[in-house]
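Novice: One structure follows; several queries about it will come next.
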Amino acid sequence: MTESNTWRPEQTGQGPELLREEEQTAAAPQMQMQAQAATAVVCPRCGASNDPEASFCATCGSPLKQAVCPHCGSAIDPDADFCESCHHYIRLDVCSFCGAHISEQDTFCPECGQPREGIVCPICHTKNEFSFCKQCGQPLTDAAKRLQSEIQQLPEYRQLRALAKEYDALQMELPYGCDQDRQRDEASRLLRERILRLLAEDEGVKDFVMPAPRHQRCSVEELNQRKQRKMEELSRLLDKLSTPPMPAPVQARNFVMAQKPAGVRLAWKCNYKNALHSSPCGCAKPQMGGQWIVLGHHTNQVIKDDK
(Lines give C-alpha, C1' and ligand atoms only; values in the text may rest on other atoms or scores of the structure.)
Protein backbone atom coordinates (compact mmCIF):
# COMPACT_ATOMS: atom_id res chain seq x y z
CA MET A 1 0.00 0.00 0.00
CA THR A 2 1.44 3.34 -0.98
CA GLU A 3 1.71 6.29 1.36
CA SER A 4 -1.01 8.16 -0.56
CA ASN A 5 -3.51 5.34 0.07
CA THR A 6 -2.82 5.11 3.83
CA TRP A 7 -5.58 6.62 6.04
CA ARG A 8 -4.46 9.12 8.61
CA PRO A 9 -6.62 10.81 11.29
CA GLU A 10 -5.40 14.22 10.34
CA GLN A 11 -6.86 13.72 6.86
CA THR A 12 -10.42 13.77 8.22
CA GLY A 13 -9.73 16.29 10.92
CA GLN A 14 -10.43 13.64 13.62
CA GLY A 15 -7.30 13.55 15.71
CA PRO A 16 -6.82 11.69 19.02
CA GLU A 17 -8.14 14.68 21.01
CA LEU A 18 -11.43 14.73 19.07
CA LEU A 19 -11.91 11.00 19.49
CA ARG A 20 -11.48 11.30 23.25
CA GLU A 21 -14.06 14.08 23.35
CA GLU A 22 -16.57 11.90 21.46
CA GLU A 23 -15.96 9.02 23.86
CA GLN A 24 -16.49 11.32 26.85
CA THR A 25 -19.70 12.71 25.33
CA ALA A 26 -21.05 9.20 24.77
CA ALA A 27 -20.19 8.20 28.35
CA ALA A 28 -21.63 11.36 29.95
CA PRO A 29 -25.19 10.03 30.50
CA GLN A 30 -23.87 6.88 32.16
CA MET A 31 -21.51 8.90 34.36
CA GLN A 32 -24.37 11.20 35.30
CA MET A 33 -26.51 8.22 36.28
CA GLN A 34 -23.69 6.82 38.39
CA ALA A 35 -23.22 10.19 40.10
CA GLN A 36 -26.94 10.40 40.87
CA ALA A 37 -26.91 6.88 42.27
CA ALA A 38 -23.96 7.75 44.49
CA THR A 39 -25.71 10.79 45.97
CA ALA A 40 -29.22 9.27 46.15
CA VAL A 41 -30.85 8.91 49.55
CA VAL A 42 -31.96 5.34 50.23
CA CYS A 43 -35.25 4.96 52.10
CA PRO A 44 -34.62 3.10 55.39
CA ARG A 45 -38.06 1.47 55.21
CA CYS A 46 -38.48 0.25 51.59
CA GLY A 47 -34.96 0.67 50.13
CA ALA A 48 -36.01 2.90 47.22
CA SER A 49 -33.60 5.58 45.92
CA ASN A 50 -34.64 9.21 46.22
CA ASP A 51 -33.28 12.62 45.25
CA PRO A 52 -30.79 14.08 47.76
CA GLU A 53 -33.12 17.04 48.41
CA ALA A 54 -36.18 14.83 49.13
CA SER A 55 -37.58 14.81 52.66
CA PHE A 56 -39.96 11.89 52.14
CA CYS A 57 -39.67 8.69 50.11
CA ALA A 58 -41.39 8.93 46.73
CA THR A 59 -42.31 5.23 46.95
CA CYS A 60 -43.67 4.67 50.47
CA GLY A 61 -43.85 8.21 51.90
CA SER A 62 -41.57 7.52 54.87
CA PRO A 63 -39.36 10.37 56.15
CA LEU A 64 -35.81 10.24 54.81
CA LYS A 65 -34.13 12.72 57.12
CA GLN A 66 -33.75 11.80 60.77
CA ALA A 67 -33.69 14.07 63.80
CA VAL A 68 -32.02 13.36 67.14
CA CYS A 69 -33.69 13.07 70.55
CA PRO A 70 -32.40 15.85 72.83
CA HIS A 71 -32.53 13.51 75.84
CA CYS A 72 -30.85 10.30 74.67
CA GLY A 73 -29.48 11.08 71.19
CA SER A 74 -31.51 8.36 69.44
CA ALA A 75 -32.56 8.90 65.82
CA ILE A 76 -36.20 9.97 65.50
CA ASP A 77 -38.48 11.14 62.71
CA PRO A 78 -38.42 14.93 62.23
CA ASP A 79 -42.17 15.26 62.88
CA ALA A 80 -42.24 12.97 65.96
CA ASP A 81 -43.02 14.56 69.33
CA PHE A 82 -42.08 11.56 71.50
CA CYS A 83 -38.94 9.42 71.74
CA GLU A 84 -39.74 5.71 71.88
CA SER A 85 -36.21 4.92 73.12
CA CYS A 86 -36.10 7.00 76.32
CA HIS A 87 -39.88 7.65 76.64
CA HIS A 88 -39.66 11.45 76.79
CA TYR A 89 -41.88 14.08 75.20
CA ILE A 90 -39.50 16.20 73.10
CA ARG A 91 -41.50 19.10 71.67
CA LEU A 92 -40.68 22.33 73.49
CA ASP A 93 -43.07 24.47 71.46
CA VAL A 94 -46.25 22.33 71.80
CA CYS A 95 -48.13 21.59 75.03
CA SER A 96 -48.24 17.83 75.58
CA PHE A 97 -51.65 18.09 77.28
CA CYS A 98 -53.71 20.19 74.86
CA GLY A 99 -51.52 20.72 71.77
CA ALA A 100 -51.46 24.53 72.07
CA HIS A 101 -48.37 26.56 71.23
CA ILE A 102 -46.05 27.14 74.16
CA SER A 103 -42.73 28.97 74.34
CA GLU A 104 -39.60 27.37 75.72
CA GLN A 105 -39.66 29.82 78.66
CA ASP A 106 -43.20 28.88 79.77
CA THR A 107 -43.42 26.64 82.84
CA PHE A 108 -47.18 26.28 82.43
CA CYS A 109 -49.23 26.13 79.24
CA PRO A 110 -50.90 29.52 78.62
CA GLU A 111 -53.90 27.72 77.10
CA CYS A 112 -54.75 24.86 79.51
CA GLY A 113 -52.57 25.82 82.50
CA GLN A 114 -50.93 22.39 82.84
CA PRO A 115 -47.28 22.18 84.00
CA ARG A 116 -44.65 21.38 81.43
CA GLU A 117 -42.93 18.97 83.83
CA GLY A 118 -45.99 16.68 84.02
CA ILE A 119 -48.75 15.53 86.38
CA VAL A 120 -48.67 12.76 89.00
CA CYS A 121 -51.66 10.40 88.73
CA PRO A 122 -53.69 10.48 91.99
CA ILE A 123 -54.62 6.80 91.54
CA CYS A 124 -51.37 4.97 90.74
CA HIS A 125 -48.88 7.84 91.41
CA THR A 126 -47.30 7.58 87.95
CA LYS A 127 -45.84 10.80 86.54
CA ASN A 128 -47.36 11.67 83.16
CA GLU A 129 -46.72 14.18 80.38
CA PHE A 130 -50.15 13.61 78.83
CA SER A 131 -53.81 14.16 79.78
CA PHE A 132 -54.44 10.49 80.59
CA CYS A 133 -52.35 8.29 82.86
CA LYS A 134 -50.23 5.96 80.75
CA GLN A 135 -50.33 3.36 83.51
CA CYS A 136 -53.97 3.13 84.65
CA GLY A 137 -55.79 5.30 82.06
CA GLN A 138 -57.15 7.79 84.59
CA PRO A 139 -58.08 11.20 83.05
CA LEU A 140 -55.86 13.82 84.68
CA THR A 141 -57.25 17.12 83.39
CA ASP A 142 -60.72 18.65 83.25
CA ALA A 143 -60.65 18.56 79.45
CA ALA A 144 -59.76 14.85 79.53
CA LYS A 145 -62.63 14.11 81.90
CA ARG A 146 -65.09 15.95 79.64
CA LEU A 147 -63.84 14.11 76.56
CA GLN A 148 -64.11 10.74 78.29
CA SER A 149 -67.64 11.56 79.49
CA GLU A 150 -68.70 12.47 75.93
CA ILE A 151 -67.30 9.27 74.44
CA GLN A 152 -68.87 7.11 77.16
CA GLN A 153 -72.31 8.30 76.03
CA LEU A 154 -71.85 6.83 72.55
CA PRO A 155 -73.80 3.59 71.87
CA GLU A 156 -70.66 1.89 70.56
CA TYR A 157 -68.76 2.61 73.76
CA ARG A 158 -71.63 1.35 75.94
CA GLN A 159 -71.65 -1.89 74.00
CA LEU A 160 -67.88 -2.14 74.29
CA ARG A 161 -68.03 -1.56 78.04
CA ALA A 162 -70.72 -4.23 78.49
CA LEU A 163 -68.63 -6.77 76.56
CA ALA A 164 -65.56 -5.86 78.62
CA LYS A 165 -67.48 -6.52 81.86
CA GLU A 166 -68.69 -9.87 80.58
CA TYR A 167 -65.16 -10.85 79.61
CA ASP A 168 -63.82 -9.73 82.98
CA ALA A 169 -66.49 -11.84 84.73
CA LEU A 170 -65.35 -14.89 82.77
CA GLN A 171 -61.83 -14.34 84.04
CA MET A 172 -63.14 -14.64 87.60
CA GLU A 173 -65.00 -17.91 87.05
CA LEU A 174 -63.58 -21.09 88.55
CA PRO A 175 -63.97 -24.17 86.31
CA TYR A 176 -64.39 -27.74 87.50
CA GLY A 177 -61.11 -29.27 88.54
CA CYS A 178 -62.39 -32.84 88.81
CA ASP A 179 -65.55 -34.97 88.90
CA GLN A 180 -65.81 -34.46 92.65
CA ASP A 181 -66.13 -30.71 92.10
CA ARG A 182 -68.95 -31.33 89.64
CA GLN A 183 -70.79 -33.58 92.10
CA ARG A 184 -70.50 -31.03 94.92
CA ASP A 185 -71.74 -28.28 92.61
CA GLU A 186 -74.74 -30.37 91.57
CA ALA A 187 -75.58 -31.06 95.23
CA SER A 188 -75.40 -27.33 95.98
CA ARG A 189 -77.71 -26.59 93.05
CA LEU A 190 -80.34 -29.07 94.27
CA LEU A 191 -80.15 -27.69 97.80
CA ARG A 192 -80.59 -24.15 96.50
CA GLU A 193 -83.66 -25.09 94.47
CA ARG A 194 -85.22 -26.91 97.45
CA ILE A 195 -84.73 -23.92 99.77
CA LEU A 196 -86.17 -21.47 97.23
CA ARG A 197 -89.24 -23.66 96.67
CA LEU A 198 -89.89 -23.96 100.42
CA LEU A 199 -89.60 -20.18 100.83
CA ALA A 200 -92.02 -19.66 97.94
CA GLU A 201 -94.54 -22.07 99.50
CA ASP A 202 -94.32 -20.28 102.86
CA GLU A 203 -95.06 -16.99 101.09
CA GLY A 204 -98.01 -18.50 99.24
CA VAL A 205 -96.53 -18.21 95.75
CA LYS A 206 -98.47 -20.54 93.43
CA ASP A 207 -96.69 -20.23 90.07
CA PHE A 208 -93.11 -20.18 91.31
CA VAL A 209 -90.41 -19.82 88.64
CA MET A 210 -86.96 -20.98 89.64
CA PRO A 211 -84.46 -18.18 88.99
CA ALA A 212 -81.38 -19.16 87.04
CA PRO A 213 -78.12 -19.05 89.00
CA ARG A 214 -75.85 -16.11 88.26
CA HIS A 215 -72.82 -18.28 87.73
CA GLN A 216 -72.77 -21.74 86.21
CA ARG A 217 -69.52 -23.62 86.55
CA CYS A 218 -68.21 -25.58 83.61
CA SER A 219 -65.13 -27.49 82.52
CA VAL A 220 -61.84 -25.83 81.66
CA GLU A 221 -62.41 -26.48 77.96
CA GLU A 222 -65.90 -24.98 78.01
CA LEU A 223 -64.71 -21.91 79.93
CA ASN A 224 -61.86 -21.33 77.48
CA GLN A 225 -64.28 -21.55 74.57
CA ARG A 226 -66.57 -18.96 76.17
CA LYS A 227 -63.60 -16.65 76.75
CA GLN A 228 -62.48 -17.06 73.15
CA ARG A 229 -65.93 -16.21 71.80
CA LYS A 230 -66.11 -13.13 74.00
CA MET A 231 -62.62 -12.03 72.86
CA GLU A 232 -63.74 -12.35 69.25
CA GLU A 233 -66.78 -10.17 69.93
CA LEU A 234 -64.57 -7.56 71.58
CA SER A 235 -62.09 -7.64 68.70
CA ARG A 236 -64.82 -7.12 66.10
CA LEU A 237 -66.19 -4.13 67.98
CA LEU A 238 -62.72 -2.66 68.51
CA ASP A 239 -62.11 -2.99 64.76
CA LYS A 240 -65.14 -0.77 64.18
CA LEU A 241 -63.79 1.77 66.69
CA SER A 242 -60.30 1.93 65.17
CA THR A 243 -58.75 5.40 65.28
CA PRO A 244 -58.40 7.11 61.87
CA PRO A 245 -55.46 9.42 61.10
CA MET A 246 -55.79 12.74 62.93
CA PRO A 247 -54.15 16.16 62.43
CA ALA A 248 -52.11 16.30 65.66
CA PRO A 249 -50.52 13.69 67.96
CA VAL A 250 -51.77 15.26 71.22
CA GLN A 251 -55.42 15.16 70.10
CA ALA A 252 -54.96 11.59 68.85
CA ARG A 253 -53.60 10.40 72.22
CA ASN A 254 -56.42 12.05 74.14
CA PHE A 255 -59.10 10.62 71.87
CA VAL A 256 -57.72 7.07 71.96
CA MET A 257 -57.24 7.05 75.74
CA ALA A 258 -60.76 8.41 76.29
CA GLN A 259 -62.30 5.42 74.48
CA LYS A 260 -60.23 2.72 76.21
CA PRO A 261 -62.50 0.23 78.05
CA ALA A 262 -61.59 -0.95 81.54
CA GLY A 263 -61.44 -4.56 82.66
CA VAL A 264 -59.60 -6.02 79.66
CA ARG A 265 -55.88 -6.27 78.99
CA LEU A 266 -55.39 -4.32 75.79
CA ALA A 267 -52.57 -3.08 73.61
CA TRP A 268 -52.66 -0.26 71.11
CA LYS A 269 -51.38 -1.24 67.66
CA CYS A 270 -50.17 1.86 65.85
CA ASN A 271 -50.20 2.45 62.10
CA TYR A 272 -46.82 4.16 62.34
CA LYS A 273 -44.73 1.02 62.84
CA ASN A 274 -47.43 -1.62 63.40
CA ALA A 275 -45.97 -1.97 66.90
CA LEU A 276 -47.84 -2.88 70.07
CA HIS A 277 -47.90 -0.20 72.77
CA SER A 278 -49.51 -0.33 76.19
CA SER A 279 -51.19 2.91 75.11
CA PRO A 280 -50.78 5.63 72.44
CA CYS A 281 -48.74 7.52 75.05
CA GLY A 282 -45.80 5.31 74.05
CA CYS A 283 -46.07 5.96 70.30
CA ALA A 284 -44.04 8.63 68.52
CA LYS A 285 -46.70 9.32 65.87
CA PRO A 286 -50.19 8.33 67.11
CA GLN A 287 -51.74 10.79 64.65
CA MET A 288 -51.25 8.14 61.97
CA GLY A 289 -54.01 6.12 63.62
CA GLY A 290 -54.30 2.64 65.07
CA GLN A 291 -56.61 0.50 67.18
CA TRP A 292 -56.97 -1.27 70.52
CA ILE A 293 -56.54 -5.04 70.39
CA VAL A 294 -57.39 -7.63 73.04
CA LEU A 295 -54.42 -9.44 74.58
CA GLY A 296 -56.21 -11.33 77.32
CA HIS A 297 -54.54 -12.36 80.57
CA HIS A 298 -52.23 -14.96 79.02
CA THR A 299 -50.34 -13.93 75.91
CA ASN A 300 -46.85 -14.09 74.42
CA GLN A 301 -47.25 -10.88 72.43
CA VAL A 302 -44.62 -8.28 73.30
CA ILE A 303 -45.63 -4.69 74.00
CA LYS A 304 -43.00 -2.33 72.64
CA ASP A 305 -42.96 0.30 75.40
CA ASP A 306 -43.29 -2.05 78.38
CA LYS A 307 -40.32 -1.64 80.72
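The values are calculated or read from the model by the stated rules, or taken from the named source; none is laboratory data. Bear in mind that the values here come from a model prediction, so they are computed numbers and not experimental data. Don't worry about glycine lacking a Cβ; one is built from the backbone with ideal geometry, like all the others, and counts go over all protein chains shown. What goes into the accessible areas is simple: the full protein's heavy atoms, side chains included, and nothing from ligands, DNA or RNA. Shrake-Rupley method; radii C 1.70, N 1.55, O 1.52, S 1.80 Å.
Novice: Suppose each label sits 7 Å from its Cα in the direction of the beta carbon; what would the His71-Lys206 distance come out to in nanometres?
Specialist: Rounded to a tenth, the inter-label distance reads 7.4 nm.
Novice: Another one. Computed from the mean reciprocal separation of all distinct C-alpha pairs, what Kirkwood hydrodynamic radius does segment 136-185 have, in Å? Mind showing how you got there, number by number?
Specialist: Values: mean 1/r = 0.0713 Å⁻¹.
Result for segment 136-185 stands at 14.0 Å.
Novice: What FRET efficiency comes out for the pair Lys304/Ser103, r = Cβ-Cβ distance, R0 = 45 Å, nearest 0.05?
Specialist: Calculated value: 0.90.
Novice: So how compact is segment 183-304: Cα radius of gyration and Dmax in angstrom?
Specialist: My reading of the Cα-based Rg and Dmax gives 22.9, 68 Å.
Novice: Same structure, new question: Got a number for carbon plus sulfur as a percent of segment 175-307's accessible area, 1.4 Å probe?
Specialist: Heavy-atom surface of segment 175-307 belonging to carbon and sulfur, 1.4 Å probe: 50 percent.
Novice: Just the number, please: Stokes-Einstein D of segment 44-136 in µm²/s, Kirkwood Rh from C-alpha pairs, 4 °C, 1.567 mPa s.
Specialist: Diffusion coefficient, whole number: 84 µm²/s.
Novice: Using per-residue counts of other Cβ atoms within 10 Å, averaged over each peptide, order 268-275, 59-66 from highest down. Display every interim value, and only then the final one.
Specialist: Values: 268-275: 19.0, 59-66: 13.8.
Packing proxy ranking, top to bottom: 268-275, 59-66.
Novice: Quote the charge dipole size of segment 161-203 about the Cα centre in Debye, to the nearest 20; the model charges only the Cβ of Lys and Arg (+1) and of Asp and Glu (-1).
Specialist: 100
Novice: Could you tell me the calculated FRET efficiency between Glu232 and Glu150, based on Cβ-Cβ distance and R0 = 22 angstrom, to the nearest 0.05?
Specialist: For Glu232 and Glu150, the calculated efficiency is 0.20.
Novice: Here is a further query. Can you give the Kirkwood hydrodynamic radius of segment 231-301 from its Cα pairs, in Å with one decimal?
Specialist: With all distinct Cα pairs of segment 231-301 included, I get 12.1 Å.
Novice: While we're here: For segment 162-250, which GluC sites (Glu not before Pro) pass both filters: DSSP loop (anything but H, G, I, E, B) and at most 14 other C-beta atoms within 10 Å?
Specialist: Within segment 162-250, the qualifying GluC sites (Glu not before Pro) (loop, at most 14 other Cβ atoms within 10 Å) are Glu173, Glu203.
Novice: Please list the non-local residues whose amide H lies under 5 Å from the amide H of Ala67, H modeled 1.01 Å from N, same-chain partners needing a gap of 5 or more.
Specialist: Ile76, Asp77
Novice: For the cross-link pairs Lys165/Lys304; Lys230/Lys260; Lys165/Lys240; Lys165/Lys273; Lys127/Lys285; Lys127/Lys304, which exceed 29 Å when the distance is taken from alpha carbon to alpha carbon?
Specialist: Where the Cα-Cα span goes over 29 Å, the pairs concerned are Lys165/Lys273.
Novice: Moving to a separate point now. Quick one: net charge of Leu241's neighbours, Cβ under 14 Å, K/R +1, D/E -1? Each step should come with its number before you reach the end.
Specialist: Details: positive: Arg158, Arg161, Arg236, Lys240, Lys260, Lys269; negative: Glu156, Glu233, Asp239.
Charge balance in the 14 Å sphere: +3.
Novice: Rolling a 1.4 Å sphere over the protein heavy atoms, what is the accessible area per residue of segment 133-197, to the nearest Å²?
Specialist: 70
Novice: Turning to a different aspect of this structure: Within the P(r) computed for segment 91-172, what percentage of the Cα pairs occupies the region above 18 Å?
Specialist: Roughly 55 percent, once rounded to a whole number.
Novice: Roll a 1.4 Å probe over the protein chains and send me the accessible area per residue for segment 222-287 in Å².
Specialist: Details: 2840 Å² over 66 residues.
I get 43 Å² per residue for this part.
Novice: Once the principal axes of the Cα atoms of segment 126-235 are found, what is the range along each, listed largest first in whole angstroms?
Specialist: 60, 38, 26
Novice: What accessible area per residue comes out for segment 58-126, rounded to a whole number of Å², with a 1.4 Å probe?
Specialist: Working: 3850 Å² over 69 residues.
Here the per-residue accessible area is 56 Å².
Novice: Now, a different point. Amide H of Gly290 versus every other amide H placed in the peptide plane: which residues, excluding those fewer than 5 positions away on the same chain, fall under 5 Å?
Specialist: Answer set, sorted by chain and number: Thr243, Asn271.
Novice: Say the dipole of segment 133-253 comes from +1 at the beta carbon of Lys and Arg and -1 at that of Asp and Glu; which of Leu199, Pro247, Ala144 then lies farthest toward its positive end?
Specialist: Positive-end residue among those listed: Pro247.
Novice: Is there a quick way to get the dipole size of segment 128-211? I mean about its Cα centre, with the Cβ of Lys and Arg at +1 and of Asp and Glu at -1; what is the value in debye to the nearest 20?
Specialist: 200
Novice: Of Cys57, His87, Gly99, whose Cα points farthest to the positive end of the dipole of segment 34-184 (charges on the beta-carbon: +1 Lys, Arg; -1 Asp, Glu; origin at the Cα centre)?
Specialist: His87
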